[in-house]
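The values are calculated or read from the model by the stated rules, or taken from the named source; none is laboratory data. Quick caveat: nothing in here was measured; it's all calculated off a predicted structure. Cβ placement follows ideal geometry from the backbone for every residue including glycine, while neighbour counts extend to all protein chains displayed. All accessible areas refer to the heavy atoms of the entire protein, side chains included, with ligands and DNA or RNA removed. Shrake-Rupley method; radii C 1.70, N 1.55, O 1.52, S 1.80 Å.
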Amino acid sequence: QVQLVESGGGSVQAGGSLRLSCAASGRTLSSDAMGWFRRAPGKEREFVAAITWSTGRIYYADSVKGRFTISRDNAKSTVYIQMNSLEPEDTAVYYCAAARWVGFAGHEYDYWGQGTQVTVSS
């Protein structure tokens, strides 16, 4: 069992920045991939970014590439996503998730956090 807790959400004006954190605990050895997903109102869940604990391999959705940066602190079992140049279209509940391997659809992830709200105003 893996527990994931997101934090760092909030409200920001367009062009602003936020950093989200995801703290992992429990039996995490079999979960090498950590992903960030988001769900905007009335829309399907969308992949944002992912990183592996083992190698630090990073993946980004095209919609956030160049604006968001995912990172990890293995000692703290924490994954971060630095979100710069935020746009109203980034408004969503952001979730972190853990999987054996990186995936982009969401079903690959066995564990999910509770989500943290990000609101970007124009």
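Structural remarks
- Meets criteria (open to solvent by 10 Å² or more (accessible area, probe 1.4 Å), in contact with a strand residue (DSSP E or B) (Cβ under 9 Å, 6 or more places away or on another chain), under 10 Å from residue 22 (Cα atoms) and basic (Lys, Arg)) for residue 67: no
- Filter pass, residue 31 being over 12 Å from the mean Cα position of the chain (by Cα) and surrounded by 12 or more Cβ atoms within 10 Å (Cβ to Cβ): yes
- For the range 62-92, the tally of residues that are of a type in the set (Gly, Ala, Ser) and within 11 Å of the chain's Cα centre (by Cα) stands at 1.
- Verdict on residue 14 being in contact (Cβ under 8 Å) with a residue 60 or more places away in the chain and within 12 Å of residue 97 (Cβ to Cβ): no
- The number of residues in the range 8-49 that are within 20 Å of residue 67 (Cβ to Cβ) and of a type outside the set (D, E, K, R) comes to 22.
- Where a residue in the range 21-32 is of a type in the set (Asp, Glu) and its partner, wherever it lies, is open to solvent by 50 Å² or more (accessible area, probe 1.4 Å), with Cβ under 8 Å and at least six apart: 32/54; 32/100; 32/101
- Residue 105 being on the phi < 0 side of the Ramachandran plot, surrounded by 13 or more Cβ atoms within 10 Å (Cβ to Cβ) and either out of contact with any His (no Cβ under 6 Å at 6 or more places or on another chain) or not acidic (Asp, Glu) (or both): no
- Yes/no for residue 13 being open to solvent by 30 Å² or more (accessible area, probe 1.4 Å) and modelled with pLDDT under 95: no
- Note on the range 78-101: residues that are open to solvent by 40 Å² or more (accessible area, probe 1.4 Å) and within 17 Å of residue 30 (Cα to Cα) amount to 2.
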